[in-house]
Each structure stands twice: as structure tokens, then as C-alpha cells.
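Every number here is computed from the coordinates shown, using simple stated rules; none is lab data. Every value quoted in this text rests on a predicted model; they were computed, and no experiment measured them. All Cβ positions, glycine included, derive from the backbone under ideal geometry; neighbour counts span all protein chains shown.
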Amino acid sequence: TVAKSSAWQKKDLTYRILNFTPDLPQADVETAIQRAFKVWSDVTPLTFTRIYNEVSDIEISFTAGDHKDNSPFDGSGGILAHAFQPGNGIGGDAHFDEDETWTKTSEIYNLFLVAAHEFGHSLGLSHSTDQGALMYPTYSNTDPKTFQLPQDDINAIQYLYGKSSNPVQPTGPSTPSRCDPNVVFNAVTTMRGELIFFVKRFLWRKHPQASEAELMFVQAFWPSLPTNIDAAYENPITEQILVFKGSKYTALDGFDVVQGYPRNIYSLGFPKTVKRIDAAVHIEQLGKTYFFAAKKYWSYDEDKKQMDKGFPKQISNDFPGIPDKIDAAFYYRGRLYFFIGRSQFEYNINSKRIVQVLRSNSWLGC
Amino acid sequence: FPADKQDEPPATKEEMAENYLKRFYSLGTDGGPVGRKKHIQPFTEKLEQMQKFFGLKVTGTLDPKTVEVMEKPRCGVYDVGQYS
């Protein structure tokens, strides 16, 4: 952030929208900007009032190319917008590149997400090195409908302006770190030779040749996918990834969501008593897909497209030593891996024995 | 059919990188001439600063991962230093 002495020395700030992008109805622009300011007023004592006929603290405009502030825009793509730190004159002002297409959906570029970032600068924040932070320099294609200000940004803005008067202090999502020994995965799957570890709104992508896993937003890959998924597995026959959340599941073909999804898990043969599944894994050696839910598991035949007879069975009976309530599972190079909390159990299907117990994040290159 | 667009000559990537570092890491505005006879030091130093900021391997060279990050759409504000 800037030094506290360079931040706004008042809590009640004004803003004025000098012009509008033709990409959106004016009302949508006003809503996006209002919502973007609310991101910051929700977590501080700051208030933002729109004024119309005199110079405000934060002047907002859409402009293209060289707009005489010594920081020309560069056409579509590249630089999307910029804003100036608090101060008189141009201080606090935010400029949006009219050569971009501004949207109110998760299509690029969502005006609300970019405006919330730029107003962070208008209030005195710099860029963050936290990849999950709003103030990270590059645009992240996350779902604007479910946006939550990350904790890294809350910490920074509250350093400058203090906490909100809200009796319940708002908190935000944090970004997983690769070597956090306590990480708990939502789901794990192979994906065309790579390993994908889902955790909250992120995924770790590990290529066999890469020494370290790479962190990405789930929605950077699949914008329409929900976060905090329950389970995922790769169907080697179709090369599709099936992702489960609650009683719905979606099929992904590379970066595309397969037509006709999401579908109900009951179409796979689950009883209505099952509200969600905990883990899913296709075991090539058996030609079966196992689904785990609470203390039970089902075996599904991908060829016949139905559950096998005699299921569900008890996990404890067929996987001795594996604790109930599995978080995630995947099958890789002949071994079955169960993730329970921060522990990982490597399991030998043939000998029905646990081969070793590892940290959940052992694959990430710690 | 028109010939396929030739791969951009390496110089384009280097020029793109130079512009990026000028814009976001004040390459060339804090001493050290930039241009054809630039001193290697500031460019490499700024490139390493950018790689460190983005949590990339700090190689000081324009590896594909670094170029990929440089080509991402982003905010126009500096990563190091402040607009004022």
C-alpha cells in the first residue's frame, strides 16, 4: 500500500462517472461501479457517494489510446485499465480502456471485477503478489456472481483505513500455498497425463515433467464450473473429466463443458438418499469406477453405464485401514490413492493393503 | 493461400518484454541506458524482479512461462512503485 499519510485522510469519498462505455446499458455500468465500491466499503469505514456536477475524489472514465495522462492504453487486450493513488487532481481517478469489451458476465472483461481492482488503487493499494488476491496484476476469469474479497486485500485496505463497524468482521478466502502441510483437497483426478488437485476455488496442475505444480483458478479453465467441488475422475474411454458437486455432475472435454450437462447423479444409479458424493475414481485395472459417499462405496460399469449389482458396500470391509469419509481419490500408474484430510494413503488393489501414508500435498513438489 | 504468418522473430518477444518492463518495472527510468546498446544489467535485473513478483522461476531469461505471463491481460499500474 501507499504510506498511510498518502492515503485519503477522510472516510467519506465521492465519485463521478464522466462517461459510459457503449458496450453495456448505462444502468449496468452504474451497478457494476456501485458494486465495485461496495467491495471496499463492506470491509472498512469508507463510504462512497456518487456526485454529478462537480469534481469528485474518484473521477471514472472510459477512454482509449493516449488519453493525455502519460500512460496511454494499448488497444484491445494487454492493459485493461489503470487508476491513480489517492491525491488531488488526477489522484484517485480510474480510467478504463474503451478498446476492451466490457461485460457484466464472466465473458472477458467483466467490468465489476476490473473496477473493484482499480478502485483498490484509487484507495492506495498496490499490486499484490498473492495470486488469489483481487489486487494481483493480471485479470482472472472468475465468476463475478460469487465474488468474495480475498483476505489478502482485506488486510491491505484495513491497514490503511481500519476495520468496518460491522459487529461481525468480514473475512475472505485465502490462497493455498503449495507446501501447506494441512491442505485438504476437494477432489483429485488425472487429466490426459497430468494430475489436477482441486482445492476451494483453485486447482493445482501438475505435469509429470514439471518439478512443481502450478496454481490456477478453477474458473480460469472452466468459467461455468462451481468452486468447492466434491469429486472428480477421468473416464479413460471418453477422455472426459466428470466433476461432481452436490447432486449434479458435469462432463469436461479438455477446456470445454460437454453439451447436456450438468446432470443429476441419480441418472448414474444413486439412490435419492445420496445427496452428494465424497470421491470418485476410475480404476483401469478393474475397468470400474468407484464412487465413495460417507461410509459406503459403489462400483459403476462405464461400458454398461450402470451400477454393478450388490452395491453399495462398506468401505471399511473392502479397503481395510482406510478411514471413512474420504475427501478425494485417484488412480495413477497402478496405484490407488485416497486423500483423507491432510493424509494420503497409497493403496494396493491386489494385496488390499496400504502401501504407505504420505502428506496430501506430496505431489505438488514441496 | 497466403503463407502462414512466420513465427514472430525473437526480437519481437524481446521488444515486448522491454516495453513490459519499462511500463511495470520502471526499466530505463531509474538510470542505465535502454535500447540497442542497453546495459545487460538493468534488463536482466528487472526481468528477475518481474519473475520474482509473479512467483516464476527467477532465471533472468525470457523463458516461455515468463513470456506467457507478460502476454496476459492486466492492470496498467506498476507492479513495483506507484502511480502518482
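Each listed q (0.06 Å⁻¹) maps to a log10 I(q)/I(0) for the protein assembly as shown from the Debye sum over equal C-alpha point scatterers, namely -0.33.
Counting Lys +1, Arg +1, Asp -1, Glu -1, what net charge surrounds A:Asn186 among other residues with beta carbon under 14 Å of its beta carbon?
Values: positive: A:Lys200, A:Arg201, A:Lys245, A:Arg276, A:Lys325, A:Arg342; negative: A:Asp230, A:Asp278, A:Asp327.
So the environment of A:Asn186 carries a net charge of +3.
With the simple model of a label 7 Å out from the Cα in the direction of the Cβ, B:Val67 to A:Arg335 spans 3.6 nm. Listing A:Ser177, A:Ser106 from fewest to most neighbouring C-beta atoms within 10 Å gives A:Ser177, A:Ser106. Taking the inverse of the mean reciprocal distance over all distinct Cα pairs, the Kirkwood hydrodynamic radius of segment A:124-164 comes to 11.0 Å.
Close amide H pairs (under 5 Å, H built 1.01 Å from N) link A:Thr14 with A:Thr49, A:Asp57, A:Ile58, residues at least 5 positions away or on another chain.
Hey, could you grab the Kirkwood Rh for segment A:239-366? Inverse mean 1/r over distinct alpha carbon pairs, Å, one decimal. Answer for segment A:239-366: a Kirkwood hydrodynamic radius of 15.4 Å. Taking 4.7 Å between beta carbons as the limit, the unpaired Cys residues of the protein assembly as shown are B:Cys75.
Here the ratio of the Cα radius of gyration of segment A:125-196 to 2.2 N^0.38 Å is 1.38.
Shielding value for A:119-128 is 3, the average number of Cβ atoms from other chains within 10 Å of each residue's Cβ. In whole angstrom, segment A:72-131 maps to an equivalent ellipsoid with semi-axes of 20, 14, 11, each derived as √(5λ) from the alpha carbon gyration tensor and ordered largest first. Shape analysis of segment A:1-132 based on the Cα gyration tensor places the equivalent ellipsoid semi-axes at 21, 16, 16 Å, largest first. Fully extending the segment from A:Ser165 to A:Glu54 would add 37.0 nm, taking 0.36 nm per residue of separation and subtracting the current Cα-Cα distance. In segment A:102-154, the alpha-carbon atoms span a convex hull of 70 Å³ per residue. Altogether, the Stokes-Einstein calculation at 25 °C and 0.890 mPa s, with the Kirkwood radius of segment A:117-255 over Cα pairs as Rh, returns a diffusion coefficient of 147 µm²/s. Taking the square roots of five times each eigenvalue of the Cα gyration tensor of segment A:180-325, the equivalent ellipsoid has semi-axes of 24, 18, 15 Å, listed largest first. The Cβ shell under 13 Å around A:Met135 holds other residues with a net charge of -4, Lys and Arg each +1, Asp and Glu each -1. Taking the Cβ of A:Tyr161 as the centre, find all other residues whose Cβ is under 15 Å away and add up their charges (Lys, Arg: +1; Asp, Glu: -1). That works out to +1. Over segment A:160-209, one equal point on each Cα, no solvent: what is log10 I(q)/I(0) by the Debye formula at q = 0.27, 0.28 Å⁻¹? Results for segment A:160-209 at q = 0.27, 0.28 Å⁻¹ read -1.07, -1.11.
Going by average Cβ neighbours within 10 Å, how do the peptides A:161-174, A:66-79 rank, with the highest at the top?
Highest-to-lowest ranking by the protection proxy: A:66-79, A:161-174.
Between B:Thr44 and A:Lys272, the distance separating the two model label sites (each 7 Å from Cα on the Cα→Cβ line) works out to 7.0 nm. The distance separating the Cα centre of segment A:21-78 from that of segment A:292-337 comes to 52 Å. By the Kirkwood approach, averaging reciprocal distances over each pair of separate Cα atoms, segment A:298-362 gets a hydrodynamic radius of 12.8 Å. Its alpha carbons give segment A:33-111 an Rg and a Dmax of 13.6, 37 Å. Show log10 I(q)/I(0) for segment A:68-179 at q = 0.18, 0.19, 0.21, 0.22 Å⁻¹, two decimals, from a solvent-free Debye sum over equal Cα scatterers. Results for segment A:68-179 at q = 0.18, 0.19, 0.21, 0.22 Å⁻¹ read -1.00, -1.09, -1.26, -1.33. The simple Förster model, with R0 at 56 Å and r as the Cβ-Cβ distance, assigns A:Ser211 and A:Asn19 a FRET efficiency of 0.70. With all projection directions averaged, the alpha carbon convex hull of segment A:13-53 covers 3.0 nm².
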